[in-house]
Amino acid sequence: MSALVDGNGDASKCIRESTKAFCGINGLMYTDGILNWYHAPVTLLPSSYPRNSFNFCQEIQPIINELVDKISRDRTFILEQLTSVGEADDFTKRLLDIYSSLPEDQIKNSTQFGILRSDYMLHNHNDTNDVYPLQVEINTIAASFFSLSTKVGHLHKHLLNHSGDKPIMKEYAQSVDIDINTALDNMPINNSL
């Protein structure tokens, strides 16, 4: 019997409990800010992502990084675009206040280090059935999930390697090649340095 099937044959309960334990042991956690810890929301199985779409995202990311850097140095553009947001959102207003207080030379010429997370979703073009990635977000505040995504890959491998003799799990485990996200190892590498 598998480690992920209990004495009564209940696989789903054991998979859920194993997932929670894995998350706790491996730091796949988040807090509400008051020291209450929860396992991060995760999928139990990996989703496929076409290799050519993944490679495309990696290839265009340096261009997007440069664009974000240039936009961040355009005070007029930033203030024109975000002032109305700041009027409705205190957090954005405080960021804009800090940004506005910086000397122009510091904005234009200083060396900056950005930790950005770009989120992509696959789009299926109706006319051609081509699947390609679309960027849905560049996240500059909550970029901590890059480290969690690395750990989710390890969780998926763990669950698939301990799935027991369930035919559907064995078939799935044999059909997927889980690439572990290397964001955690590669985060210090910055193409602008």
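Considering amide H positions built from the backbone, and no H for Pro or chain starts, which residues 5 or more places from ASN181, or on another chain, come under 5 Å of its amide H?
The list, which skips near neighbours in sequence, is GLY153.
How much accessible area does PHE113 have with a 1.4 Å probe, in Å² rounded to the nearest 10?
Counting only protein heavy atoms, the figure is 110 Å².
Mind grabbing the accessible area of LYS13 for me, 1.4 Å probe, Å², rounded to tens?
In the full protein context, LYS13 sits at about 100 Å².
Show MET29, MET121 ordered by accessible area, largest first, where the area counts protein heavy atoms only and the probe is 1.4 Å.
Numbers: MET29 55, MET121 120 Å².
The residues order as MET121, MET29, largest area first.
At 1.4 Å probe size, put VAL136, VAL68 in order of accessible surface, largest to smallest.
Values: VAL136 85, VAL68 40 Å².
Largest accessible area first, the residues go VAL136, VAL68.
What does the charge count near LEU102 come to, summing +1 for each Lys or Arg and -1 for each Asp or Glu among other residues with Cβ under 14 Å from its Cβ?
Working: positive: ARG73, ARG75, ARG94, LYS108; negative: ASP74, ASP97, GLU104, ASP105.
For residues surrounding LEU102, the net value is 0.
Keeping all protein chains in position, work out how much accessible area GLU80 exposes to a 1.4 Å probe, and write it in Å² to the nearest 10.
Per-residue accessible area (GLU80): approximately 130 Å².
By what distance, in whole Å, do the Cα atoms of region 27-92 stretch along each of the three principal axes, largest value first?
Taking max minus min along each principal axis of the Cα atoms, region 27-92 gives 45, 41, 17 Å.
Over region 77-142, what per residue volume does the convex hull of the Cα atoms give, in whole Å³? Walk me through the intermediate numbers first.
Values: hull volume 9.9 nm³, N = 66.
Residue-normalised Cα hull volume stands at 150 Å³.
Residue by residue, what Karplus-based ³J(HN,Hα) values in Hz, rounded to whole numbers, does region 14-29 have, using 6.51, -1.76 and 1.60 with θ = phi - 60° and x for Gly and Pro?
Those phi angles translate into 5, 5, 4, 5, 5, 4, 4, 5, 4, 4, x, 5, 9, x, 8, 10 Hz.
The values are calculated or read from the model by the stated rules, or taken from the named source; none is laboratory data. Since this is a predicted model, take the numbers as computed values, not measurements. Please note: Cβ atoms are built from the backbone with ideal geometry, for glycine as well, and neighbour counts cover all protein chains shown. Surface areas here come from the heavy atoms of the whole protein model, side chains and all, with no ligands, DNA or RNA. Shrake-Rupley method; radii C 1.70, N 1.55, O 1.52, S 1.80 Å.
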